[in-house]
Amino acid sequence: MTYQSKITEAGQTIAGEPNWNGIEAESVARMRTQNRFHTGLDIARYTAKIMRQDMAAYDADPANYTQSLGCWHGFIGQQKLISIKKHFGSTKGRYLYLSGWMVAALRSEFGPLPDQSMHEKTCVPALVEELYTFLKQADARELGGMFRDLDKARKAGDEMEAKRIEAAIDGHETHVVPIIADIDAGFGNAEATYLLAKKFIEAGACCLQIENQVSDEKQCGHQDGKVTVPHEDFIAKIRAIRYAFMELGVDDGLIVARTDSLGAGLTKQIAFTREAGDIGDQYNSYLDCDEIGAGEVGHGEVLISRDGKLMRPKRLPSNLYQFRPGTGEDRCVLDCINALRNGADLLWIETEKPHIGQIGGMVSRIREEMPNAKLVYNNSPSFNWTLNFRQQVFDAWEGEGRDMSGYDRAKLMSVDYDGTELAAEADERIRTFQRDAAREAGIFHHLITLPTYHTAALSTDNLAKEYFGEQGMLGYVKGVQRQEIRQGIACVKHQNMAGSDIGDDHKEYFAGEAALKAGGEHNTMNQFAA
């Protein structure tokens with residue numbers, strides 16, 4: 001509906017209620033325009049369609065990859081989207097990521113926790129709801145500014161400008177974008193996963209990422225000690241999420257199946273198998289076993305039969321079983337194929353380094369079975385990007401026969417190498433990594449899990465060093481406020497960002513001339529008008 005049609009519709013409703021004195025049709029139209037999404041399910045349905053369209057666009061051309069940055073607070077997510085619209089004019093292809101790691105480290109009532117699913121599971125969907133509350137307020141704030149400009153144009157008698165602003169209102173692009181939300185390993189069994197998934201979806205999440213680790217043994221993907229589950233267990237959780245989406249009427253909802261098998265050398269269970277070559281037998285085929293004779297069975301040992309032979313899986317004192325070394329990539333490929341065959345839409349392969357050749361090699365094998373396989377990839381701050389890419393360049397040049405005697409491969413992170421040709425080549429590869437990996441490794445969506453965790457720490461460190469040191473107040477003014485003003489950062493007017501002007505508009509709707517508004521001439525935010 002257009003802005004004018006909303007005014008007409010509201011006017012017809014008001015006309016049928018003679019006792020609704022003081023209710024203005026245009027004010028109602030403005031409030032309706034500023035509140036496009038009434039429930040989280042409205043958001044989930046809207047954003048799921050966006051992701052589906054973006055996936056189709058990527059299939060047509062890998063240059064159409066998408067990106068996101070991780071969030072741990074609604075304000076952070078809001079500022080990202082405001083900045084995206086400011087710098088790029090559109091939110092197309094740019095999402096938000098909700099990291100379970102950041103929720104554990106920054107949002108748990110227990111205080112900072114490691115990424116081991118120990119935080120309150122409901123605080124993750126609560127953050128989804130918080131993010132969308134802030135994004136909807138970004139819409140209301142931006143549209144509120146348009147409404148004030150429209151009133152000014154009308155007051156000045158500038159009909160052309162008024163028409164232009166009305167067209168801009170009708171074409172307004174929402175800040176509400178897809179959120180890829182981390183549900184860890186499901187926080188329990190399949191029923192627990194289903195119940196939690198419904199909370200996520202009701203809060204607005206259109207895309208849930210679940211990993212194939214054991215829920216009560218879950219570890220961060222870039223730490224040691226990861227334990228995977230047999231495929232049937234993981235598939236049950238994928239189905240549980242799909243049922244949750246369909247129960248709530250979000251049929252386009254997306255599931256990202258994450259495999260941690262590349263770095264996980266352990267399993268808690270020997271998979272159930274019905275016949276040779278089935279999904280359980282394939283999982284068990286990677287177990288590290290010793291062949292034994294019938295008379296060699298020790299007390300309490302667990303044995304399996306493989307190819308007509310009696311085998312003893314290697315079991316640790318923790319009661320976990322270990323996989324054969326060097327089988328991680330094969331297990332990842334098998335995980336991904338089975339996940340896609342059983343309802344997953346996208347894949348996530350957690351790697352130990354950002355290496356296009358490694359990722360692309362696995363994706364090529366997956367695509368032999370599932371041609372449209374696409375990845376969500378973690379451009380993780382857990383990687384030392386500088387060192388990794390300098391070493392990749394070193395190895396490539398050494399393989400070409402170049403003289404590398406001027407470089408020490410183990411010390412390439414050193415500032416001494418910053419001005420070298422090798423460092424420049426490494427930085428260029430980092431710059432183009434997302435574009436190149438989208439084309440060569442099947443990566444549809446690139447994200448950074450923890451960027452604002454690190455930016456908050458860095459900026460706070462710099463401010464504290466200046467403010468509590470010799471610079472005093474100049475440390476804040478020069479390093480923060482002056483930069484906000486010069487760069488046009490919207491939150492320099494923090495009262496406006498917190499909703500003060502939106503509240504003034506509502507006061508005027510509700511009380512007319514009697515409204516006591518905060519945005520008068522004595523509001524110090526007016527100092528930033530220039």
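The values are calculated or read from the model by the stated rules, or taken from the named source; none is laboratory data. What you see is a predicted model; the values in this text were computed from it and never measured. All Cβ positions, glycine included, derive from the backbone under ideal geometry; neighbour counts span all protein chains shown.
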Flag for ALA410 being closer than 17 Å to TRP397 by Cα and assigned to a helix (DSSP H, G or I): yes
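Got a sec? Which of ALA197, ALA205, ALA190, ALA185 is in contact (Cβ under 8 Å) with a residue 12 or more places away in the chain, of a type in the set (A, V, I, L, M, F, W, C) and within 30 Å of GLY89 (Cα to Cα)? Walk me through it before giving the result.
Details: ALA197 fails: within 30 Å of GLY89 (Cα to Cα); ALA190 fails: within 30 Å of GLY89 (Cα to Cα); ALA185 fails: within 30 Å of GLY89 (Cα to Cα).
The unique qualifying residue is ALA205.
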Between residues in the range 89-112 that are on the phi > 0 side of the Ramachandran plot and in contact (Cβ under 8 Å) with a residue 24 or more places away in the chain and residues that are aromatic (Phe, Trp, Tyr) and in a loop (DSSP other than H, G, I, E, B), which pairs lie under 8 Å by C-beta distance while being six or more apart or on different chains? GLY93/TYR65
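A quick yes/no check of all residues on (1) of a type in the set (Gly, Ala, Ser); (2) assigned to a strand (DSSP E or B); (3) in contact with a Gly (Cβ under 9 Å, 6 or more places away or on another chain); (4) modelled with pLDDT under 95:
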position	(1), (2), (3), (4)
VAL250	no, no, no, no
VAL256	no, yes, no, no
GLU301	no, no, no, yes
LEU334	no, no, no, no
Would you point out the residue of the range 334-363, among those that are small (Gly, Ala, Ser) and touching a residue at least 40 places away in the same chain (Cβ under 8 Å), that is surrounded by the fewest Cβ atoms within 10 Å (Cβ to Cβ)? GLY343
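For the range 450-507, how many residues are assigned to a loop (DSSP other than H, G, I, E, B) and within 23 Å of ARG30 (Cα to Cα)? So that I can check it myself, show each step before the final result.
Here is the first cut: in the range 450-507, the residues assigned to a loop (DSSP other than H, G, I, E, B) are 450, 468-472, 488-489, 493, 498-499.
Then keep just the ones that are within 23 Å of ARG30 (Cα to Cα); that gives 493, 498-499.
So the answer is 3.
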For the range 258-290, enumerate the residues that are in a loop (DSSP other than H, G, I, E, B) and among the aromatic types (Phe, Trp, Tyr). PHE272, TYR286
Within the range 310-327, is there a residue that is farther than 29 Å from ASP216 by Cα and surrounded by fewer than 17 Cβ atoms within 10 Å (Cβ to Cβ)? yes
Just for the range 429-480: of the residues that are over 27 Å from the mean Cα position of the chain (by Cα) and β-branched (Val, Ile, Thr), which one is modelled with the lowest pLDDT? VAL480
Do you know which residues across the range 81-140 are out of contact with any helix residue (DSSP H, G or I) (no Cβ under 7 Å at 6 or more places or on another chain), farther than 28 Å from GLY503 by Cα and of a type in the set (S, T, N, Q)? SER99, GLN116
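For residues in the range 484-530 being among the small types (Gly, Ala, Ser) and either touching a residue at least 60 places away in the same chain (Cβ under 8 Å) or on the phi > 0 side of the Ramachandran plot (or both), which is surrounded by the most Cβ atoms within 10 Å (Cβ to Cβ)?
To start, the set of residues in the range 484-530 that are among the small types (Gly, Ala, Ser) comprises 488, 490, 498-500, 503, 511-512, 514-515, 518-520, 529-530.
Applying the additional criterion that residues be either touching a residue at least 60 places away in the same chain (Cβ under 8 Å) or on the phi > 0 side of the Ramachandran plot (or both) yields 488, 490, 499, 512.
Details: GLY488: 8, ALA490: 17, GLY499: 14, GLY512: 10.
Top of the filtered list is ALA490.
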In the range 252-271, the residues that are under 22 Å from LEU196 (Cβ atoms) and either touching a Ser or Thr at 6+ places or on another chain (Cβ under 7 Å) or aliphatic (A, V, I, L, M) (or both): LEU254, ILE255, VAL256, ALA257, ASP260
So which of TYR65, TYR97 ends up being modelled with pLDDT of 95 or more, crowded, with 21+ Cβ neighbours inside 10 Å, touching a Gly at 6+ places or on another chain (Cβ under 7 Å) and more than 23 Å from HIS494 (Cα to Cα)? TYR97
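Quick one: which of ILE76, ILE43, ILE82 is touching a residue at least 40 places away in the same chain (Cβ under 8 Å), of a type in the set (Val, Ile, Thr) and either in contact with an Asp or Glu (Cβ under 9 Å, 6 or more places away or on another chain) or surrounded by fewer than 17 Cβ atoms within 10 Å (Cβ to Cβ) (or both)?
Numbers: ILE76 fails: either in contact with an Asp or Glu (Cβ under 9 Å, 6 or more places away or on another chain) or surrounded by fewer than 17 Cβ atoms within 10 Å (Cβ to Cβ) (or both); ILE43 fails: either in contact with an Asp or Glu (Cβ under 9 Å, 6 or more places away or on another chain) or surrounded by fewer than 17 Cβ atoms within 10 Å (Cβ to Cβ) (or both).
Matching residue, one of ILE76, ILE43, ILE82: ILE82.
Take the residues in the range 408-458 that are polar (S, T, N, Q) and touching a residue at least 12 places away in the same chain (Cβ under 8 Å); name whichever of them is nearest to PRO62 (Cα to Cα). Give the steps one after another, and end with the answer.
Residues of the range 408-458 that are polar (S, T, N, Q), as a first pass: 414, 420, 432, 434, 449, 452, 455.
Going one step further and asking which of them are touching a residue at least 12 places away in the same chain (Cβ under 8 Å), we end up with 420, 434, 449, 452.
Values: THR420: 32, GLN434: 11, THR449: 22, THR452: 27 Å.
Within the range 408-458, the match that is nearest to PRO62 (Cα to Cα) is GLN434.
Do you know which residues across the range 290-309 are of a type in the set (Val, Ile, Thr) and either under 18 Å from ALA271 (Cβ atoms) or surrounded by fewer than 15 Cβ atoms within 10 Å (Cβ to Cβ) (or both)? Show your work before the answer.
Filtering the range 290-309 for residues of a type in the set (Val, Ile, Thr) gives 292, 297, 302, 304.
Across the range 290-309, the qualifying residues are VAL297, VAL302, ILE304.
Could you tell me whether any residue of the range 144-154 is touching a Gly at 6+ places or on another chain (Cβ under 9 Å), surrounded by fewer than 20 Cβ atoms within 10 Å (Cβ to Cβ) and more than 30 Å from LEU266 (Cβ to Cβ)? Let's see the steps before the verdict.
Initial filter on the range 144-154 (touching a Gly at 6+ places or on another chain (Cβ under 9 Å)): none.
Looking for residues that are touching a Gly at 6+ places or on another chain (Cβ under 9 Å), surrounded by fewer than 20 Cβ atoms within 10 Å (Cβ to Cβ) and more than 30 Å from LEU266 (Cβ to Cβ), one finds none in the range 144-154, hence no.
Take PHE200 and tell me if it is at pLDDT 95 or above and either outside any loop (DSSP other than H, G, I, E, B) or aromatic (Phe, Trp, Tyr) (or both). Talk me through it step by step, then tell me what you get.
On the way: at pLDDT 95 or above: yes; either outside any loop (DSSP other than H, G, I, E, B) or aromatic (Phe, Trp, Tyr) (or both): yes.
Yes.
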For the structure I just gave you, tell me whether SER83 is at pLDDT below 95, part of a helix (DSSP H, G or I) and either acidic (Asp, Glu) or farther than 25 Å from ASP345 by Cα (or both). yes
